[in-house]
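The values are calculated or read from the model by the stated rules, or taken from the named source; none is laboratory data. As the structure is a computational prediction, the values presented were derived from the model and not from experiment. Please note: Cβ atoms are built from the backbone with ideal geometry, for glycine as well, and neighbour counts cover all protein chains shown.
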There are 2 protein chains.
Amino acid sequence: MEYLTLDAAMLRALELAARGPAYGPNPQVGCVILAPATSPDPTAPRLILAQGWHRGAGTPHAEADALAYAATAGIDVTGATAVVTLEPCNHTGRTGPCARALADGGVTDVVVSVSDPTAIAGGGADYLRSRGVSVTSGLRQDRGEALLRVWLTAVRRGTPYVTLKTATTLDGYVAAVDGSSRWITGAPAREHAHTVRRRVDAIMVGTGTVLTDDPTLTARDASGEPHAHQPLRVVVGRRAVPPGAKVRSGAEYLHLRTHDVAEVLSELAARDIRHVLLEGGPGLATAFLAAHAVDEVHAYLAPMILGEGRRVVGSLGATTLSDAPRLDTVSVERLGDDMLLVARTRPVTAGTPDPSVLT
Amino acid sequence: MEYLTLDAAMLRALELAARGPAYGPNPQVGCVILAPATSPDPTAPRLILAQGWHRGAGTPHAEADALAYAATAGIDVTGATAVVTLEPCNHTGRTGPCARALADGGVTDVVVSVSDPTAIAGGGADYLRSRGVSVTSGLRQDRGEALLRVWLTAVRRGTPYVTLKTATTLDGYVAAVDGSSRWITGAPAREHAHTVRRRVDAIMVGTGTVLTDDPTLTARDASGEPHAHQPLRVVVGRRAVPPGAKVRSGAEYLHLRTHDVAEVLSELAARDIRHVLLEGGPGLATAFLAAHAVDEVHAYLAPMILGEGRRVVGSLGATTLSDAPRLDTVSVERLGDDMLLVARTRPVTAGTPDPSVLT
């Protein structure tokens, strides 16, 4: 028997949401169902009847997961309040619409953190209201937006969130004059990069990188074992990918024979890719930066000074300092002898909060 | 009345030493004088009779400072043990030799952390032994070496410790194509760089930097106020420094009309410079790196990607990755939106510990 206020229930729902996978077409969502209010004080703690979260595309949504728990345990949710991190969907996809399931189940109040910006799944709040369910949204919206930052950016914009990964010397080289580049960064930095691969939907490189480095582009752990989730491997460029290239074997592989950034992003969006990790090389990185198509930069820097070699990025047309945008630093971290700077190119595009904000 | 073991007294002496200035020709030294042993147990705590530290060239050495305190307070140090972070000097400079003062004062035991490697001041242990004083050295030698790392490197080698400071974009540029460079790093990074200036004996730039940026090269606090200690400003290169250059006014200024790294270092060593901060530009940085004359790198990196511009360092002759040495990372720190990596090019040259090591 556990009692939570609405606010605490939303924080719990956010924690539950984060248990779901960061990758995949669907957002991370959590749901806590609270017993009907027995006190006129809206901040009074209420009994938790059920909770659930979404475990990835093809599995039940968070609301359905919580309702299924209640049904299995014989718990009546009539008159209950569903606290959900994202507006319940109004869409029959691989699972039925959550808005209908909540109303059918007898839930009379729904409290939402973030409204669903997608045309296909949105409209759940309107549907619920049409069924007489009270819906408020905006509770802990900052946290909800932070949790879903990547997904929201991708679905609001209609193109994947792009993270550019670079691994350079202190003076900005990704390889020496003779092309040697293994390894600039040490094992801890490379392992960290693999943990990022596990969180994305796709990894992208140019054909030049395939021809030079012949990378596998799989997500592996420190012992080299492949991770259960393998992102789509995407090779961009007009040159042919050799039949024996490692990127062709193992996980899924896609070759986009274009240099057009918008075309690449639209091809990936059509495949429900929400987050693509751009791992190189300099040509592709330069094209994406020049097109202002990078959302986040993961810059791994090794304590080496090469003096000359292959530069991480080519000309972006900046001739004076103020031409170059200053990124927003998120974190600076030491990884072995290397360091990692995570920075974003622009703030999250905020959604429009519902006027009936709770907090 | 405070009692300390020999080991704790050495730790105290190291703390006292660190109160002295990091700059200047003399090392930071601390001294604790313990009462004669009353127990046969060498690890028994003993009463502190006096303590002292060196406050910089021209002021009493740590041992003299402690002895002066004892004399003023009427404390008899006959039979006492002096715990000193560095071997007492045997040299009459601006102050008299400490070894003689300790023996004259009746001290019968001297415990030292680090032996003095200098020809001019060393020999104190031999002198003390010739006066019948027992001398042991090597207690907490690691900490003693760490405290005096810069000074020991400089005096053992006979040339100043060189710290290279760089302030670059993530892709290794110190200025844009048009030469604009103010500011790549933000205020917290620039303030940090000023705290480093306060700890060095000299700041060095090339004539190119003087002609381009006209820097003052003074050590200032956040409000722009100059610090009490101003390092010598050194300009290196054959071009003339304009009469109105800011570097000519204010603190001391030196123009070395040479491009020869060894000549520069020997000129600075002749002026008792132990620590020189190399602040640019790329030509001078490249010359010092190519000559393997850099001991430490302070790399400030801003979250910007320029794509092209003025590179921080030119060719060092490295054509393959293994040609470039990997620096030893000391620390990684976030400073506002920027980051600072401190790394060393080589381990400290260890002195030869005295065979009579205590620990």
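Please enumerate the residues belonging to the range B:15-32 that are surrounded by 23 or more Cβ atoms within 10 Å (Cβ to Cβ) and among the aliphatic types (A, V, I, L, M). Residues satisfying the conditions are B:A17, B:V29, B:V32.
Taking each residue of the range B:98-116 that is crowded, with 24+ Cβ neighbours inside 10 Å and looking for partners that are among the aromatic types (F, W, Y) with beta-carbon atoms closer than 8 Å, six or more apart or interchain, yields B:A99/B:Y127.
For residues that are surrounded by fewer than 23 Cβ atoms within 10 Å (Cβ to Cβ) and either touching a residue at least 12 places away in the same chain (Cβ under 8 Å) or closer than 18 Å to A:V77 by Cα (or both), tally how many sit in the range A:33-45.
Summing the residues that are surrounded by fewer than 23 Cβ atoms within 10 Å (Cβ to Cβ) and either touching a residue at least 12 places away in the same chain (Cβ under 8 Å) or closer than 18 Å to A:V77 by Cα (or both) in the range A:33-45 gives 9.
Listed conditions (1) under 30 Å from B:S137 (Cβ atoms); (2) in a loop (DSSP other than H, G, I, E, B); (3) modelled with pLDDT of 95 or more are all met by B:V342, apart from (2).
Within the range B:326-336, the only residue that satisfies the criterion of being outside any strand (DSSP E or B) and at the interface with chain A (Cβ under 7 Å from one of its Cβ atoms) is B:L327.
For A:D116, which of the numbered conditions (1) over 30 Å from A:T286 (Cα atoms); (2) in contact with a helix residue (DSSP H, G or I) (Cβ under 6 Å, 6 or more places away or on another chain) fails to hold? Evaluating A:D116 over (1) over 30 Å from A:T286 (Cα atoms); (2) in contact with a helix residue (DSSP H, G or I) (Cβ under 6 Å, 6 or more places away or on another chain) leaves (2) as the failure. Restricting attention to the range B:240-258, the residues being within 22 Å of B:L164 (Cα to Cα) and either touching a Gly at 6+ places or on another chain (Cβ under 9 Å) or exposed (fewer than 14 other Cβ atoms within 10 Å of the Cβ) (or both) number 5. All conditions but one from (1) surrounded by fewer than 20 Cβ atoms within 10 Å (Cβ to Cβ); (2) in contact with a strand residue (DSSP E or B) (Cβ under 6 Å, 6 or more places away or on another chain) apply to B:V200; the one that does not is (1). For A:S322, the test of being within 13 Å of chain B (Cβ to nearest Cβ), surrounded by fewer than 16 Cβ atoms within 10 Å (Cβ to Cβ) and more than 24 Å from A:G158 (Cα to Cα) is passed. Note on the range A:171-184: residues that are surrounded by 24 or more Cβ atoms within 10 Å (Cβ to Cβ) and either in the same structural domain as A:P117 (by TED's automatic domain parsing) or in a loop (DSSP other than H, G, I, E, B) (or both) amount to 3.
Would you be able to say whether some residue in the range A:290-302 is modelled with pLDDT of 95 or more, under 17 Å from A:V205 (Cα atoms), surrounded by 23 or more Cβ atoms within 10 Å (Cβ to Cβ) and facing chain B (nearest Cβ under 8 Å)? Within the range A:290-302, one or more residues are modelled with pLDDT of 95 or more, under 17 Å from A:V205 (Cα atoms), surrounded by 23 or more Cβ atoms within 10 Å (Cβ to Cβ) and facing chain B (nearest Cβ under 8 Å).
So, B:A189, is that one assigned by TED's automatic domain parsing to the domain that holds B:H292, at pLDDT 95 or above and assigned to a helix (DSSP H, G or I) or not? Judged against the criteria, B:A189 is a match.
Scanning the range B:107-130 for residues that are at pLDDT 95 or above and assigned to a loop (DSSP other than H, G, I, E, B) yields a count of 2.
If you go through the range B:258-275, how many residues are part of a helix (DSSP H, G or I), of a type outside the set (D, E, K, R) and out of contact with any helix residue (DSSP H, G or I) (no Cβ under 6 Å at 6 or more places or on another chain)? Result for the range B:258-275: 7.
Okay, residues lined up against (1) part of a loop (DSSP other than H, G, I, E, B); (2) within 14 Å of chain A (Cβ to nearest Cβ); (3) surrounded by fewer than 24 Cβ atoms within 10 Å (Cβ to Cβ); (4) polar (S, T, N, Q):
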{"residue": "B:R143", "(1), (2), (3), (4)": "no, no, yes, no"}
{"residue": "B:L152", "(1), (2), (3), (4)": "no, no, no, no"}
{"residue": "B:A167", "(1), (2), (3), (4)": "no, yes, yes, no"}
{"residue": "B:T212", "(1), (2), (3), (4)": "no, yes, yes, yes"}
{"residue": "B:L217", "(1), (2), (3), (4)": "yes, no, no, no"}
{"residue": "B:R238", "(1), (2), (3), (4)": "yes, no, yes, no"}
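Which members of the range A:276-313 meet the condition of being in a strand (DSSP E or B) and farther than 26 Å from B:S331 by Cα? Give the steps one after another, and end with the answer.
As a first pass, look at the range A:276-313 and keep what is in a strand (DSSP E or B): A:276-280, A:296-302, A:304, A:310-311.
Correct list: A:V276, A:L277, A:L278, A:E279, A:G280, A:R310.
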